[in-house]
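The structure appears below as structure tokens.
The values are calculated or read from the model by the stated rules, or taken from the named source; none is laboratory data. Bear in mind the structure is a predicted one, so any value in this text is a computation, not a measurement. Here the Cβ is made from the backbone with ideal geometry for all residues, glycine too, and neighbour counts use every protein chain on show.
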Amino acid sequence: MSYPTWIPLRKDLQELTAYGAPQFNDVARLNTNENPYPPSAILVKAIAERVESIAGTLNRYPDRDAIALRTSLAGFLNELSGTHFASENIWAANGSNEVIQSLFLAFGSRGALGFTPSYSMHPLIAKVTQTPWSDGVRRADFTLDATAAAEQIRKIAPSITFVTTPNNPSGTTVTIGELKDIAQAVGEVSGLLCIDEAYAEFSSEESAVSLIEQYPHVIVIRTMSKAFAFAGARLGYMAAHPEVIAALLLVRLPYHLSAITQAVALVALEHRKELLETVDALVRSRAWVADQLSNLGLRVLPSNANFLLFEVSTPTQVWQELLEEGVLIRDVGLSGYLRVTIGNEAENALFISSLKSCLERKS
Ligand SMILES: *Cc1c(COP(=O)(O)O)cnc(C)c1O
């Protein structure tokens, strides 16, 4: 896109396009890895009551350190992973994308490394924060070779290394043992290892939060947008050594997290059992969709997330035809592949039947 010359847009941004996954109504929205199950009536009521109870204080700025929320998030991780985090180990922001932006702003001086294909926002936010970005390599099947990754880290010596596990868009995971080897290499180059665990709740692998005690340069990024079924509230967070969090505070905007966001996220955490109940159903549906794709003769990557990456010979055409049938999935720009989010049972069935007709028309 080209912008009028009277707009003094920074040169390095002129080549970019703004993030824009399509948002359409009246289709099965299987393109942004949201949880398809809306909040229950009980949760809706609890949220409404909590918002009402704080509405009378909205003339005041929120708690800029979000202590109550960070304490509750620490408790949540401790419960899941047996860690001993307190509020000083946690940072929260408007989606994990804001967490990632803060990491680049604070720690990006020597550049960042990520292993592609992976989450496209990592290099994009790097660019916007003027952080030099290096593309590391994965195996041909999109799994990460930890030994090769460690070599790349030692050679490039970035101040930030990203590992996304389960990886988006492939769904593949890195084991905790492999993460230790990677953390070792990152430590040798005095960098930070940022493990993006946006899909951790769907995974059978152990969370990397347990590494932080032994490796203080490890950061684990999580979000309420996926398993937690709370994408609309915009709440992402990270766990790290307290000194890392203290340094990060230098770049946060004052009062960045609204009183409403903090209050509503606290209610969601209080209802965590109910919210995470959908995870098992989605994991079962993931197996069903994967089987159906295989039955259609398509190769599917093994996924530990709430989406599947599958091979198809004409992705752009298939994507378009599915949309005409009312199913919106994701063309992640990988030649020969499409990604589908696991939806509710009706959406999954519609996706499979539409894809089947589409493939039949082609043959
Ligand atoms: C969806 C996703 C996120 C984040 O999103 P927020 O909604 O900003 O919390 C972060 N990382 C990965 C790998 C994702 O897929």
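Tell me whether region 144-153 contains one or more residues that are within 16 Å of the ligand (Cβ to nearest atom), surrounded by fewer than 23 Cβ atoms within 10 Å (Cβ to Cβ) and closer than 24 Å to residue 339 by Cα. Checking region 144-153: not a single residue is within 16 Å of the ligand (Cβ to nearest atom), surrounded by fewer than 23 Cβ atoms within 10 Å (Cβ to Cβ) and closer than 24 Å to residue 339 by Cα. Pairs are defined by a Cβ separation below 7 Å, a sequence spacing of at least 6 or placement on different chains, a first member in region 164-178 that is at negative phi and not assigned by TED's automatic domain parsing to the domain that holds residue 339, and a second member that is within 13 Å of the ligand (Cβ to nearest atom) and of a type in the set (Lys, Arg); the pairs so defined are 169/339. Of all residues in region 111-145, those that are closer than 13 Å to residue 165 by Cα and polar (S, T, N, Q) total 3.
Considering only helices (runs of 4 or more DSSP H) fully contained in region 255-363, which possess at least 3 residues that are in contact (Cβ under 8 Å) with a residue 60 or more places away in the chain and over 20 Å from the mean Cα position of the chain (by Cα)?
On the way: elements: 259-270, 272-295, 315-324, 345-362.
Qualifying helices (runs of 4 or more DSSP H): 259-270, 272-295, 345-362.
Screening the candidates 134, 118 for the property of being farther than 22 Å from residue 222 by Cα, modelled with pLDDT of 95 or more and among the small types (Gly, Ala, Ser) yields one hit, 134.
What do you reckon, is residue 140 assigned to a helix (DSSP H, G or I), surrounded by fewer than 17 Cβ atoms within 10 Å (Cβ to Cβ) and of a type in the set (A, V, I, L, M, F, W, C)?
No: the conditions fail for residue 140.
Please work out if residue 214 is surrounded by fewer than 24 Cβ atoms within 10 Å (Cβ to Cβ), within 16 Å of the ligand (Cβ to nearest atom) and polar (S, T, N, Q). No: the conditions fail for residue 214. The set of residues from region 73-92 being in contact with a Phe, Trp or Tyr (Cβ under 7 Å, 6 or more places away or on another chain) and closer than 18 Å to residue 250 by Cβ comprises 90, 91, 92.
Residues that are closer than 14 Å to residue 323 by Cα and of a type in the set (Gly, Ala, Ser) within region 21-47 comprise 21, 28, listed in sequence order.
Condition check ((1) crowded, with 20+ Cβ neighbours inside 10 Å; (2) outside any helix (DSSP H, G or I); (3) at pLDDT below 95; (4) within 11 Å of the ligand (Cβ to nearest atom)) across all residues:
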| site | (1), (2), (3), (4) |
| --- | --- |
| 169 | yes, yes, no, yes |
| 181 | no, no, no, no |
| 190 | no, yes, no, no |
| 206 | no, yes, no, no |
